[in-house]
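The values are calculated or read from the model by the stated rules, or taken from the named source; none is laboratory data. Just so it is clear, the structure is predicted and the values come from calculations on it, not from any experiment. Note that we place each Cβ from the backbone using ideal geometry, even for glycine, and neighbour counts take in every protein chain shown. The accessibility values were calculated without ligands, DNA or RNA, using every heavy atom of the protein model including side chains. Shrake-Rupley method; radii C 1.70, N 1.55, O 1.52, S 1.80 Å.
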Amino acid sequence: MAVPTPTAETRWRCTLCGNLTRFDVTRSSKVVEYVHLDLAGAPKVEEREVLSESIESVRCRWCNAVDQVELVDRPSAQV
């Protein structure tokens, strides 16, 4: 099942409990990293380029529902 990705105008909402803020997201990504090893051999990633990324599943932290997420509009920041 394809999981919708939030945008600047939308956010996730659990369709079962209404949660808007807490989700466990499982994603797959393909990246190229520039890894710098110090003289002791400890690695440090100095650059990271994401080649592709996809969300596999989203689980609600409140009710534990899996893939019950919809996109809803974000509230406007009107003052």
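Within segment 5-29, how many residues are over 12 Å from Val72 (Cα atoms) and either open to solvent by 90 Å² or more (accessible area, probe 1.4 Å) or not aliphatic (A, V, I, L, M) (or both)? Don't jump to the end; show me each part of the working.
Taking segment 5-29 as the starting set, the residues that turn out to be over 12 Å from Val72 (Cα atoms) are 16-17, 21-29.
Adding the requirement that they be either open to solvent by 90 Å² or more (accessible area, probe 1.4 Å) or not aliphatic (A, V, I, L, M) (or both) leaves 16-17, 21-24, 26-29.
Going through segment 5-29 one residue at a time, the tally reaches 10.
Could you check how many residues of segment 1-21 are under 12 Å from the mean Cα position of the chain (by Cα) and assigned to a strand (DSSP E or B)?
Number satisfying all stated conditions: 2.
Among the residues that make up segment 22-35, is at least one of them touching a Phe, Trp or Tyr at 6+ places or on another chain (Cβ under 7 Å) and either part of a strand (DSSP E or B) or free of Cβ contacts under 8 Å to residues at least 12 places away in the same chain (or both)?
Yes, because at least one residue in segment 22-35 is touching a Phe, Trp or Tyr at 6+ places or on another chain (Cβ under 7 Å) and either part of a strand (DSSP E or B) or free of Cβ contacts under 8 Å to residues at least 12 places away in the same chain (or both).
Select, from Val32, Val50, the only residue that is modelled with pLDDT of 95 or more, exposed (fewer than 13 other Cβ atoms within 10 Å of the Cβ) and in contact with an Asp or Glu (Cβ under 9 Å, 6 or more places away or on another chain).
Val32
Give me the pairs: first residue in segment 46-67 and touching a residue at least 60 places away in the same chain (Cβ under 8 Å), second residue not in a strand (DSSP E or B), beta-carbon distance under 6 Å, and six or more apart or on different chains, which are they?
Listed pairs, sorted by first residue: Asp67/Met1.
Within segment 54-73, how many residues are farther than 14 Å from Pro4 by Cβ, open to solvent by 70 Å² or more (accessible area, probe 1.4 Å) and assigned to a strand (DSSP E or B)?
2
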